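Report on one structure; see the data block that follows.
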Amino acid sequence: MVRTLAAAAAWVDEAGLALLFPKADVVLPSLWEQVAGVTEVRWPSPEMDFVWGAKDALPGQGLVCVGKHLARASSLVAPRLVPTLVAANGEDAEGPVVGAIRALGPLTAPELREATGLGKRAVERELASLHRRLVLTSSHLVERGSWGALAHDLLARKWPLPRRLPAREDARRQCASILLDTAGELTAADLCGVLGCRRNEAATLLEQVGTGRDDAAGFRIWARR
């Protein structure tokens, strides 16, 4: 059972790709399950206190890349796999939010509203989109009296990338292989749910890294060779 930040970071490094909390129909493991030992998320609880704090402390201490990078959910990426994930799913993006963070450094949502003049919902939409596209990532918690706000930074500044990234297809194949190792078996829909790729591309990737079979209902399932 995970009880410390160091143990959480070690588990993420071993898993490679994970979620903060379990999500229905997503095959990734979650930090919550490693801490609580159950899939049911319980509020409030000592386990929740730890996981919620780890969400900000892990990136703040440079231990784990955290953000809404996978399956449109709060996810954790081992630092060694950040270049691979960026090569697999990263996109370029510009705009007022990116420009403000590039010029001023990591900023919280309230600071972004002040810097850009955008409303709360617009900033939230932009942050979600830019995390998903691996342009921004979680940086650290900014304390504001009795509360705190998460600061967001350019992913490539928070986690410096090599000059040359793997080819997109190679990177997606590696991600598929990691997920297959973790889950044991995958469908194309499972892979799409994590990477957001098209169903036919997911099937092609799984054919390259696994052995497929059809179940009784006719669904194609791949397992590790």
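Some notes on this structure:
- Of the set (1) open to solvent by 20 Å² or more (accessible area, probe 1.4 Å); (2) touching a strand residue (DSSP E or B) at 6+ places or on another chain (Cβ under 8 Å), all apply to G196 but (2).
- When V41 is tested against (1) without any contact (Cβ under 8 Å) to a residue 24 or more places away in the chain; (2) among the hydrophobic types (A, V, I, L, M, F, W, C); (3) part of a helix (DSSP H, G or I); (4) open to solvent by 10 Å² or more (accessible area, probe 1.4 Å), only condition (3) is not met.
- Subset of the range 4-25 (residues that are modelled with pLDDT under 95 and either touching a Gly at 6+ places or on another chain (Cβ under 7 Å) or of a type in the set (D, E, K, R) (or both)): D25
- Matching residues, the range 153-167, being closer than 13 Å to L107 by Cβ and either open to solvent by less than 20 Å² (accessible area, probe 1.4 Å) or assigned to a helix (DSSP H, G or I) (or both): D153, R157, K158
- Top-ranked residue of the range 82-99 - restricted to ones that are part of a helix (DSSP H, G or I) and over 12 Å from the mean Cα position of the chain (by Cα), ranked as surrounded by the fewest Cβ atoms within 10 Å (Cβ to Cβ): G99
- Within the span defined as the range 129-139, one or more residues are in a loop (DSSP other than H, G, I, E, B), at pLDDT 95 or above, in contact with a helix residue (DSSP H, G or I) (Cβ under 8 Å, 6 or more places away or on another chain) and buried (at least 18 other Cβ atoms within 10 Å of the Cβ).
- Of all residues in the range 37-59, none satisfies the criterion of being closer than 14 Å to G148 by Cα, in contact with a helix residue (DSSP H, G or I) (Cβ under 7 Å, 6 or more places away or on another chain) and not hydrophobic (A, V, I, L, M, F, W, C).
- Which listed residue is within 26 Å of E91 (Cα to Cα), among the hydrophobic types (A, V, I, L, M, F, W, C) and open to solvent by 40 Å² or more (accessible area, probe 1.4 Å), from A216, A183, A202, A189: A189
The values are calculated or read from the model by the stated rules, or taken from the named source; none is laboratory data. From a predicted model like this one, the values you see are computed outputs, not experimental measurements. Glycine gets a Cβ as well: all are built from the backbone with ideal geometry, and neighbour counts include every protein chain shown. These area figures cover heavy atoms from the full protein model, side chains too; ligands, DNA and RNA do not enter into them. Shrake-Rupley method; radii C 1.70, N 1.55, O 1.52, S 1.80 Å.
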